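Student: Can you keep this structure in mind? I'll have questions shortly.
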Amino acid sequence: MAKSIERHTIILGFCLICFSSLIIKAAQLQIFDKTYAERAERTTLDKITLYPSRGLIFDRNEKLLVFNNPIYELKAIYSQISADIDTQLFCTLLEIDKETFSKNLDKNWRSNRYSKSTPFVFLSKIDPEIFSRFQEYLHEFQGFYPSIRNIRSYPHSSAGHVLGYMGEVDQKILTDSSTYQLGDYIGKTGLEKTYENLLRGEKGHRFVLKDNFGREVASLDKGKLDSFPTSGSDLVSTLDLDLQAYGEELMQGKRGSIIAIEPSTGEILCMISAPNYDPNDLKLGSQRGEAFKKLYQDSINKPFLDRAINAKYPPGSIFKPILSLIAFQEGVSYPSKYVPCKGYYQYKTFKYKCHEHSPTGNVKIALQHSCNSYFFSMVRDLIEIEGFDSPEIGLTKLNNYLDKFGLGRSLGLDHFNETKGFVPTPAFYNKLYDDPYSRWKSTYIMSIGIGQGELELTTLQMANLAAILANRGHYFTPHLIKGSGDLSFRIHPKYKRKNYVGIDLKHFEPVLEGMRRAVQYGTGFKANVPGIEILGKTGTSQNPFGEDHSVFFAFAPADDPKIAIAVYVENAGFGGDIAAPIAGLMIEKYIKGETTPFMKNTEAFILAKNLL
Amino acid sequence: MSAKSKAINRELDGITISVYLALLLIGWLMIAATNTTFIDNENFSITELLLSKETMWFGVAIASFFACLIIDAKVWNSFAWIIYGIGIILLMGVLIFGADIKGARSWYNFLGYSFQPAEFAKLATSLGVAAFLSLSITAANDLRNTATFFGIVMLPVFFILLQPDAGSAITFLSFFIVFYRAGAPSIYYLIAFFMFFVLILSLMFQPIYVITGMSVLALGLLSINYKQPLLLISFSALSGLFALVFMINGYILVPFLLVLGSLIITAFYTGFKKKWNNVLFIGILLVFGSGLSVSSSWAYNNVLKPHQQDRINVWLNPEKCDPQGSLYNVNQSKIAIGSGGLYGKGFLNGEMTKLNYVPEQSTDFIVSTLGEEQGFIGVLGVLILFSILLIRIIVMAERANSTFVTYFAYAVFGFLFLQSFINIGMAMGFMPVIGIPLPFISKGGTSLVVVSLMIGILVKLDMVRRRV
C-alpha cells in the first residue's frame, strides 16, 4: 500500500508541475511580454485619416486663383479580391492592360510593407472620367476601394511664383512636427508655404475595427474618438489676376520682373517674374516629375528664380528722385540749385560721362533728362556733409534714410525668402578700399548717387519706392494676402501700419514735377498714356557682362495714386525703350481696364520683343 | 426536504460538484462570447443565447450529471462491458453511417444534432478498463493481462484512427496513468520519458548534438558505481561544458569524439573493476537513444511530408515557420491571449476573438477567448479550478474501497488532465496543435455530456462508498 500512495503522489505532482508550466507560460504571454498586446492592436485597429480640403485662394476681384481637384486612387485588399472577377471588363474600364493588372496586384507579401489583408494602392492618379465610368461597376469588383485626394489646380496659367507649389512633406518636417505624416502634401514655396498653417486645415481621424479579412466591422467606442476634418481657410489675395496675366504676357520673351502696388494699402497688384512657368505644370500628378526636372535644369532662363524678390539689381537712375528727397531733407541741396553739365562730370583729371541734354537749371530739369553730373554733385554734397575727410558720417546719414525707404533689408513681404538687396556701409568701403594711407572719399563712391556701383535693390523695393513717392512720404509694407474666409483671420498689423520715411511733404513737389516731366517730355516718354497722368523715372542699369538693364518706376494718377509700379527688364538696354512702355501699358490696363487703340502699337512692339 | 435527499446532500463531494458546475458555467459563457460576432455589447442578445444549441447541450449535460447521482451505482460496474461494447459498436458504425466532414467520419448527424462516438468511447473504455483491472485475477505486471489491458484500450483507438481523428486517439494515452497506478513498473515510464525527450530534442537539434548530450549524461550516471562519485560527476560536467563551448562555435565532431572516448574508457574501467550490469544498462539506453535520435531525425527529413514537418516546427521550431502560413493559428491565438494582459478586456470585449482573428476559437482555441477577455486572472482561475477538480478526483480514487472506482477515477483523471493540458498548452504555443477539446469549456455537446457523466458517475460511486 505504501507504494500506491507514492504513485498517486507522483501522478498528482506530475499533473501540478504540468499545470504550473502552463501558468508560467500564460504569465509570460499576458503579463511580461507586451509585444502581443501591441500586435493585437495593430491587427484589429485601423486609424483612417480623413483629409481636409485645402483652403482656396481668390484674387482681389474674387476670381479663383487656386482650387482643389480630386484625384482618384483605387486601393485593393488582396485577401478580399475574388478569383473570378471579370478581369477583361475591369481592365477595359480602367483602360489598363492585363500585364499592368497582374503586375499591380503582385506585391511582395513577405515584406513588411504589404499585407494581404491591408489595403494598398492598386492604381493611382486615375482620370475622373475613367473613374466615374469604373465606379458604376465597382460593386462587381470586391476588394477594390476608391479613395479620393485633392490636388491643387489652377483655372489660369499665371502667378506660378507667387502661388508656389505643393509637394510631399520631407523628412525634416516629419521629425520636427507631429502634424504631418509620410505622404502628406505641404506647401513648398510661395503663398502655399507662407500660409500653410491657414490653408492646411485639420485632418480628421476615424478609428475602425477590422475583422480577419481586413473589413471594417465597427467604429471604435461608437466613434467617440473620431474627429471630422476641418477645411483649410480660404484666402483672398491682393493680386489682380487680369493684370498679372497681362504683365506675364508682356514679359514673354524677356528676363525680368514687374511689381505693381496699390500705394494706399501696400497691396501687391501683380508680381511677375519672367521667364515663368504654368502652375498647372507642377500640379501633383503623373507628369509632374518630368515637368519639374525640365524647369529645374533650365540653367539659362532659370524659371524657378523669382526675379521679383529673389534677384537684386543696381537700380540705375530711378534712384535719383530718392537721392534728391534725402538731399533736400538734409539741406545739402535745394530744388532750384543749378549745376552745370558739360556732358561729363569732372573730378580732378577724371571725367564721368553724362549725355546730351538742355542745361540743368534745377532739379526738375535734371530729373527730366536724368543728368548724371547733377546727382554726382548732389551725392557728394550729402556724403561730404561733415567734410571731405569724413565721408562715413555722410554715408551713414544716407543709409539711415535708405533703411527707412526699405532698402538693404527685407520689407516683410508675406512670401518666403525675400532677398534683402544691398546698401553699402562705411564698414563695407573700409574693407573694399583697405589702404591706411589713402582712405576712401565721396568721390570713390559717388556712382551710388546715380544708382550704380555697389547699391542693389530688388524689384519689390523699387516698386515700394514708387509707392513712397505716390504717398508722398510713407508706405504700407507690401503684402499678397488681404483677407480670409476665416473670419477670425486678421492680416498682420505690420501691413496696416504707415511707415514714414522721414522726408517732409514740401520736398516731394519738385521731385514729382521732375518725374512728371520725365514721362511727359523726357527719358520716359514712352510710358505716356493719354488721359492718365503718370509720374515716373527711367533707369539704365549698367551691366559689365552684357547689354544694360532697362528699368522704370512710376505711379499714377499723379494726384490720387492707384498704382505704383516698377519694371525691370534684363539686358534690354535704355530704360526708356522697354521698361517704360511696359509700365505705361500696365498702368493703363489697371486703371482703364483695357488697352486703348492709342497704345496698341506700343503693345505690339513689346509683345514682339524677344530678348531671350 | 425528505430524509433521503438530506442524506445524499451530506454524503456527496460538494467541492467536486461546485467546481464542476463552475467550469460548466464558464464554458457556457465562453461559448456565448465566441458566438457573439458583434463588437458592440448591445447586440448581445440574452434570449438568443438562451435558445441556442449550446444552452440545450448545457442543460442536457447538467441533467446527465444529476441523473448519474440518482441511478444506482452498481449499474456501472455491472454494465461496464456492455457499455464498452456499445462504445465499440458506435465507433464501427460511424465509419459507415457517419457524416463526412472534411474527409473524416467522426460524427453521427440526426435532426440537426451531432454526436461524436469517440467522446462516448472515452467513457466506455474507462468503464471497461476499470472493470478489467478490478477483476481479482488481474495483476498489471503479468504479460497476458498487460496484453489484454492494451487490447481493451487499443480497440477503440484503432477505430478512431480509421475515422481518422488523431486528436481523440492521442487522449487515450491517458490510460498509461491508470496502468501506472495499477502497478506498471516505473522503469518503463522513465525509459518512455527519456525516449520522448530524446525524440523532441532530435527534432529540434541535429542528432550528433543529442548523442553528445546523452554521452555526457551517461558519464555522470556511471558515477553511481563509485563510493565517491564527485570526481566523475565533475569530470562529466566539465566535459559537458567543454562540449557546449565547442558546439556554440560550430565544432561538434571534436567534443563528440572526446566525450565518446572518455565515456568508453570509463565504461570499460567501471565494467572490469565493478559490475557490468549497470554499464550494460546505460550502454543499451545510450544505443537505443542514439538510434531513436538518428532515425527520428532521418524520418523527419525523409518520411514526413512538408505539411507534417510544419506541424512539428510550429511546436518546436516556430522560427522556421511562415507566420502567415502554418504558424498563423497559433500566432493569432498567442496574440489574442497576450493582448488580454492581467485583467483581460472584459466579457464580450475581446476584439481579436470577436473579429474572428483566431481560427477554431470555440473548440480547439477556446482559451484564446478566455485569455483575451478574462486575462491572466481568467486563465489562472480556470487552471486552478481544473487542479482542484483533479485533486478531488485523486482523493476520491484513493479513498474508494473498490478498485473499480479507483481505476475509473484515474481514467477520468487521465482524460481531464491530458486534454486540459494539451488544449491550453496548444493555444499558448506550448504544446503541438492537436485537435483536442478543453473539457467543460470547448464547444461540443458530446464532450460536455460525456465529461458530465464521468464526474457524475464518480461522485455517485464516491457517495456509495460512504454509505457502506
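The values are calculated or read from the model by the stated rules, or taken from the named source; none is laboratory data. As the structure is a prediction and not an experimental result, all values here were calculated from the model. Here the Cβ positions follow ideal geometry from the backbone for every residue, glycine too, while neighbour counts run over all protein chains shown.
Student: Could we say that A:Y374 is under 28 Å from A:L535 (Cα atoms), among the aromatic types (F, W, Y) and surrounded by fewer than 19 Cβ atoms within 10 Å (Cβ to Cβ) here?
Tutor: Spelling it out, it is not the case that A:Y374 is under 28 Å from A:L535 (Cα atoms), among the aromatic types (F, W, Y) and surrounded by fewer than 19 Cβ atoms within 10 Å (Cβ to Cβ).
Student: Let me ask something else. List, please: which pairs have Cβ atoms under 6 Å, are six or more places apart or on different chains, and start with a residue in the range B:268-291 that is closer than 23 Å to B:I200 by Cβ and end with one that is surrounded by 13 or more Cβ atoms within 10 Å (Cβ to Cβ)?
Tutor: B:I282/B:A218; B:I282/B:L221; B:L286/B:M214; B:L286/B:A218; B:G289/B:V198; B:G289/B:M214; B:S290/B:I211
Student: Only one residue in B:E372, B:E360 is among the charged types (D, E, K, R) and under 20 Å from the mean Cα position of the chain (by Cα), so which one is that? Break it down stepwise before answering.
Tutor: Numbers: B:E372 fails: under 20 Å from the mean Cα position of the chain (by Cα).
So the residue among B:E372, B:E360 that is among the charged types (D, E, K, R) and under 20 Å from the mean Cα position of the chain (by Cα) is B:E360.
Student: Now for a separate question. Go through (1) surrounded by 13 or more Cβ atoms within 10 Å (Cβ to Cβ); (2) farther than 12 Å from A:L123 by Cα; (3) over 24 Å from the mean Cα position of the chain (by Cα) for A:S53 and report which single condition fails.
Tutor: (3)
Student: Let me ask another. Residue under question is B:L258, and the condition is that it be without any contact (Cβ under 8 Å) to a residue 40 or more places away in the chain, over 27 Å from B:Y188 (Cα atoms) and either of a type in the set (K, R) or outside any helix (DSSP H, G or I) (or both); does it hold?
Tutor: no
Student: Another one. Of everything in the range A:126-162 that's surrounded by 15 or more Cβ atoms within 10 Å (Cβ to Cβ) and of a type in the set (K, R), which residue is modelled with the lowest pLDDT?
Tutor: A:R149
Student: Please name all residue pairs, on different chains or six or more residues apart, with Cβ atoms under 7 Å, provided the first residue is in the range B:72-96 and is assigned by TED's automatic domain parsing to the domain that holds B:P164 and the second residue is of a type in the set (K, R) and in a helix (DSSP H, G or I).
Tutor: Listed by first residue and then by second, the contacts come to B:A73/B:K460.
Student: Could you please find all residues in the range A:482-508 being in a loop (DSSP other than H, G, I, E, B) and in contact (Cβ under 8 Å) with a residue 12 or more places away in the chain? Give the steps one after another, and end with the answer.
Tutor: Filtering the range A:482-508 down to residues in a loop (DSSP other than H, G, I, E, B) leaves A:485-492, A:496-497, A:501-504.
Within the range A:482-508, A:G485, A:D486, A:F489, A:I491, A:H492, A:K496, A:R497, A:V501, A:G502, A:I503, A:D504 meet the criteria.
Student: List every residue pair whose Cβ atoms lie under 7 Å apart, where the two residues are 6 or more positions apart in sequence or sit on different chains, the first residue falls within the range B:399-413 and is surrounded by 24 or more Cβ atoms within 10 Å (Cβ to Cβ), and the second residue, located anywhere, is at pLDDT 90 or above and not aliphatic (A, V, I, L, M).
Tutor: B:F408/B:S126; B:A411/B:S126; B:A411/B:F175; B:V412/B:S126
Student: Considering only residues that are farther than 20 Å from A:V121 by Cβ, outside any loop (DSSP other than H, G, I, E, B) and in contact (Cβ under 8 Å) with a residue 24 or more places away in the chain, which ones fall in the range A:69-89?
Tutor: A:L89
Student: Here's another thing I want to ask about it. So in the range B:306-352, with the set limited to residues that are charged (D, E, K, R) and at the interface with chain A (Cβ under 9 Å from one of its Cβ atoms), which one is farthest from A:A26 (Cα to Cα)? Spell out how you get there, then give the answer.
Tutor: First pass over the range B:306-352, keeping only residues charged (D, E, K, R): B:310-311, B:319-320, B:322, B:334, B:345, B:351.
Retained after the next criterion (residues that are at the interface with chain A (Cβ under 9 Å from one of its Cβ atoms)): B:322, B:334, B:351.
Working: B:D322: 23, B:K334: 9, B:E351: 19 Å.
Within the range B:306-352, the match that is farthest from A:A26 (Cα to Cα) is B:D322.
Student: Still on this structure, I have one more. Residues to consider are A:L239, A:L182, A:L225; find the one that is at pLDDT 75 or above and either surrounded by fewer than 15 Cβ atoms within 10 Å (Cβ to Cβ) or more than 14 Å from chain B (Cβ to nearest Cβ) (or both). Don't jump to the end; show me each part of the working.
Tutor: Values: A:L182 fails: at pLDDT 75 or above; A:L225 fails: at pLDDT 75 or above.
Going through A:L239, A:L182, A:L225 in turn, the sole match is A:L239.
Student: Return a yes/no flag: does the range B:93-109 have any residue that is in contact with a helix residue (DSSP H, G or I) (Cβ under 9 Å, 6 or more places away or on another chain) and farther than 22 Å from B:G435 by Cβ.
Tutor: No: zero hits.
Student: So B:G341 fits all but one of (1) surrounded by fewer than 23 Cβ atoms within 10 Å (Cβ to Cβ); (2) under 27 Å from B:M463 (Cβ atoms); (3) in contact with a Phe, Trp or Tyr (Cβ under 8 Å, 6 or more places away or on another chain); (4) not aromatic (F, W, Y); what number is the exception?
Tutor: (2)
Student: Got a number for residues in the range A:586-595 being surrounded by fewer than 24 Cβ atoms within 10 Å (Cβ to Cβ) and over 12 Å from A:C270 (Cα atoms)?
Tutor: 5
Student: Same structure, new question: With respect to B:D364, determine if the residue is surrounded by 21 or more Cβ atoms within 10 Å (Cβ to Cβ) and more than 13 Å from chain A (Cβ to nearest Cβ). Before the answer, list the steps.
Tutor: Values: surrounded by 21 or more Cβ atoms within 10 Å (Cβ to Cβ): yes; more than 13 Å from chain A (Cβ to nearest Cβ): yes.
Yes; evaluated as a whole, the condition is true for this residue.
Student: Do we find that A:I151 is outside any helix (DSSP H, G or I) and among the β-branched types (V, I, T) in this structure?
Tutor: Against the criterion (outside any helix (DSSP H, G or I) and among the β-branched types (V, I, T)), A:I151 qualifies.
Student: Now for a separate question. Name every residue in the range B:389-405 that is farther than 25 Å from B:A32 by Cα, part of a helix (DSSP H, G or I) and more than 9 Å from chain A (Cβ to nearest Cβ), in order of residue number.
Tutor: Passing the criteria: B:R392, B:I393, B:V395, B:M396, B:R399, B:T403, B:F404, B:V405.
Student: Do we find that B:L416 is within 30 Å of A:A27 (Cβ to Cβ) and either assigned by TED's automatic domain parsing to the domain that holds B:Y328 or in a helix (DSSP H, G or I) (or both) in this structure? Please lay out each step first, then the result.
Tutor: Numbers: within 30 Å of A:A27 (Cβ to Cβ): yes; either assigned by TED's automatic domain parsing to the domain that holds B:Y328 or in a helix (DSSP H, G or I) (or both): yes.
Yes, satisfied.
Condition check ((1) within 33 Å of the chain's Cα centre (by Cα); (2) within 27 Å of B:T353 (Cβ to Cβ); (3) more than 14 Å from every other protein chain (Cβ to nearest Cβ)) across all residues:
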{"position": "A:Q30", "(1), (2), (3)": "no, yes, no"}
{"position": "A:T49", "(1), (2), (3)": "yes, no, yes"}
{"position": "A:F67", "(1), (2), (3)": "yes, no, yes"}
{"position": "A:I77", "(1), (2), (3)": "no, yes, yes"}
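Student: Whether any residue in the range A:476-485 is surrounded by fewer than 23 Cβ atoms within 10 Å (Cβ to Cβ), on the phi > 0 side of the Ramachandran plot and more than 20 Å from the chain's Cα centre (by Cα) is what I want to check.
Tutor: no
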